[in-house]
Amino acid sequence: MKFQQNRRIQGSQYWQGKNYWAFRNYRPAWHDRIWWGNHYNRIVFVYGGWYYWNTGWWYPAWGYAPNAYYAYDGPIYAYNGLPPDQVVANVQGALQQQGYYHGEVDGLLGPQTRGAIADYQRDHGLYMTSAIDRPTLQSLGMA
């Protein structure tokens, strides 16, 4: 994905409740490495991009490294202090066991993984965020 300053997560205005606050309020922000380091104490490098930790969620740290790559521009809910790629890999594995995900368990929140998440969410009566959120992790028995 490319940085889009005013991008909003499609459909998030309809997702009600505190579990979806991060999606409704997410706005990509571009700052340099020094700014990110001065504002967040947990920043990790995952599959070509830098992510910062904020109140239970991982977010892309746009601008931390100007040529970074992000397969997904949005928040990723985490549990047990796991980095974003491990959370994604765990979700991929769980969805694979249930027949929703048919790709490689690689920890990358790409289109195939987002599609499998959306299918799972639809079938389990959850908001179709196509993302890793608290209700989805709870439904999968992970949070």
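We did not get these values from a lab; they are worked out from the coordinates using the rules stated. Since the model is a prediction, treat every value here as computed from it, not as a measurement. Cβ placement follows ideal geometry from the backbone for every residue including glycine, while neighbour counts extend to all protein chains displayed.
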Subject >> Translational diffusion coefficient (Stokes-Einstein; Kirkwood radius from C-alpha pairs) of the chain at 4 °C, 1.567 mPa s, in µm²/s >> reply: 84 µm²/s
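Pairs of Cα atoms under 8 Å, at least six residues apart: use those to get the relative contact order of the chain, whole percent. Don't skip to the answer; put the middle values down first.
Details: 219 pairs, mean separation 26.6, N = 143.
Computed over the chain, the figure is 19 percent.
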**OP:** Rounded to the nearest 10 degrees, what's the angle between the helix 111-123 long axis and the longest principal axis of the chain, both from Cα atoms, 0 to 90?
**Re:** 50 degrees
Original post:
Angle between the Cα long axis of helix 84-97 and the longest principal axis of the chain, 0 to 90 degrees, nearest 10?
Top reply: 10 degrees
Original post:
What ranking of Y101, Y79, Y69 emerges when the number of other C-beta atoms within 10 Å of each C-beta is taken as an exposure proxy, fewest first?
Top reply: Y69, Y79, Y101
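Determine, for V87, V44, the number of other Cβ atoms within 10 Å of each Cβ, and report the residues in order from fewest to most.
Values: V87 22, V44 14.
Ordered by Cβ neighbours within 10 Å, fewest first: V44, V87.
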**OP:** Collect residues whose amide H, placed 1.01 Å from N in the peptide plane, falls under 5 Å from the amide H of G49; neighbours closer than 5 in sequence don't count.
**Re:** Y69
Original post:
Where the centroid of each part is defined by its Cα atoms, how far is the stretch 80-143 from the stretch 1-73 in Å?
Top reply: 18 Å
**OP:** State to the nearest 20 debye the size of the charge dipole of the chain about its Cα centre, where the only charges are +1 on K and R beta carbons and -1 on D and E beta carbons.
**Re:** 520 debye
